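**Q** Here you go, one structure.
Coordinate-derived values only; no laboratory data. What you see is a predicted model; the values in this text were computed from it and never measured. Heads up, the Cβs are rebuilt from the backbone with ideal geometry, glycines too, and the neighbour counts pull from every protein chain shown.
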Amino acid sequence: MKRVGFLTSGGDCQALNATMRGVAKGLYQIYKDEVEIIGFEDGYKGLMYANYLMMKQSDFSGVLTKGGTMLGTSRQPFKLMRVPDENGLDKVELMKHTYYKLKLDALVVLGGNGSQKTANLLSQEGLNVIGLPKTIDNDLWGTDMTFGFQSAVDIATNAIDCIHTTASSHGRVFIVEVMGHKVGWLTLHAGIAGGADIILIPEIPYDLNKVVKKIKERTKNGSRFSILAVAEGAISKEQAALSKKEYKKYLEERATKYQSVAYEIGAKIQEMTGQEIRVTVPGHMQRGGTPVPYDRVLSTRIGAHAADMIKNNEFGKLVVVKNNVITDIPLAESAGKLKYVDPQSDIVKEAKLIGISFGD
Ligand code: F6P
């Protein structure tokens, strides 16, 4: 009998259940009744404190389209992994203890950057771990695509589409703040798909004068409105020049004064142009709802690949997508590295070619 543990860790996204379904269906095909799947509740917490569910085959039916995660999730910061828990117990030892006590043959971790760092740590500690690339941010190093990303692009694009109609009616400047943590993938894709006029992402620090120039140009050319897609991590040239400590202080001050980056940029543009500005923050909506077909296909393929890896006893790896091929790389290769948008990439150049401003 094979025993495989599943856990979903970090911020949720739309295709977590679809991916678990893919792995489970693959395993049931390979092992028939000779496999048991154990679902740990609320991410690594469930593994630490042995909170788990014995999953049934039927648990994986009808979940392809269901967003969120049937196992629950939690954020367990990597930097605190080696800090003892409230009872003074080593968290990694607790997880190893559960793994061996339950006689697991493999552990499948669906997670983003921090979660895969922990997966790598557990793999180095001798556990049979496979990582699956989840995040709406698409910032996991080593994979072209993460599941959840395209679904989030869909929602953020929808938000920009909705803003378009009201912005054009009222002749206003609108700012849509898009998630993505420290990277600009989601904003770049939703911005292009939604026809934004200005896209501000962390990888390309902006100059507010250039942003304002673009808005004024549009007004001069007869456009009654402008739409800015601004990444939650967008940063100005002056902010990019600050030391880490100074930037942290600046972020604290901004949180009390403006709430978030879009409100800050909005207030400043209003001051500089005298134009009416409105800000929209779709926020966690971007992680919610049903996975788009692309993500359902990707999750199914990733899940099937993971089941095959378990059959072949291939562990310590992250399943990735490279040029539309599903493959895998050592967890250690990806752990701790972020995948940023390259300011010189074709997609950025093409966006600039059609007149989208990045404020640089
Ligand atoms: O990593 C996914 C993500 O949605 C980021 O885009 C965002 O910065 C963060 O999680 C929000 O985290 P939380 O759900 O803890 O507010």
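**Q** Taking the convex hull of the Cα atoms, report for segment 77-137 its projected area averaged over all directions, in nm².
**A** For segment 77-137, the mean projected area of the Cα convex hull comes to 4.5 nm².
**Q** Once you have the alpha carbon radius of gyration of the chain, what is it after dividing by 2.2 N^0.38 Å, with N set to its residue count?
**A** Normalised Cα radius of gyration, the chain: 1.07.
**Q** Of the candidates THR273, THR219, THR256, which one comes out as most mobile in a Gaussian network treatment of the chain with C-alpha springs shorter than 10 Å?
**A** THR256
**Q** How would GLU86, GLU253 line up from fewest to most surrounding beta-carbon atoms within 10 angstrom?
**A** Ascending Cβ contact count within 10 Å gives the list GLU86, GLU253.
**Q** Let me ask another. Just to be sure I understand the curve: with the Debye formula and one point per C-alpha of segment 1-56, what is log10 I(q)/I(0) at q = 0.17, 0.28, 0.29 Å⁻¹?
**A** Log10 of I(q)/I(0), two decimals: -0.56, -1.15, -1.18.
**Q** Out of residues 5 or more away from ASP360 or on other chains, whose amide H comes under 5 Å of its own, with H placed 1.01 Å from N in the peptide plane?
**A** So ASP360 has HN proximity to ASP207.
**Q** Please compute the alpha carbon radius of gyration of segment 170-305, then divide it by the globular-protein estimate 2.2 N^0.38 Å. Two decimals is fine.
**A** 1.18
**Q** So what J values fall out for segment 132-149 if you push phi through Karplus, 6.51 cos²θ - 1.76 cosθ + 1.60 with θ = phi - 60°, rounded to Hz, Gly and Pro as x?
**A** With the stated coefficients, segment 132-149 comes to 10, x, 9, 3, 6, 7, 6, 9, 7, 5, x, 10, 5, 9, 10, 6, x, 4 Hz.
**Q** Okay, moving on. Within 10 Å of each residue's Cβ, count the other Cβ atoms and sort LYS268, LYS317 from fewest upward.
**A** Listing LYS268, LYS317 from fewest to most nearby Cβ atoms yields LYS268, LYS317.
**Q** Any idea how far the Cα center of segment 293-346 sits from the one of segment 96-116, in Å?
**A** Taking the Cα centre of each part, segment 293-346 and segment 96-116 sit 17 Å apart.
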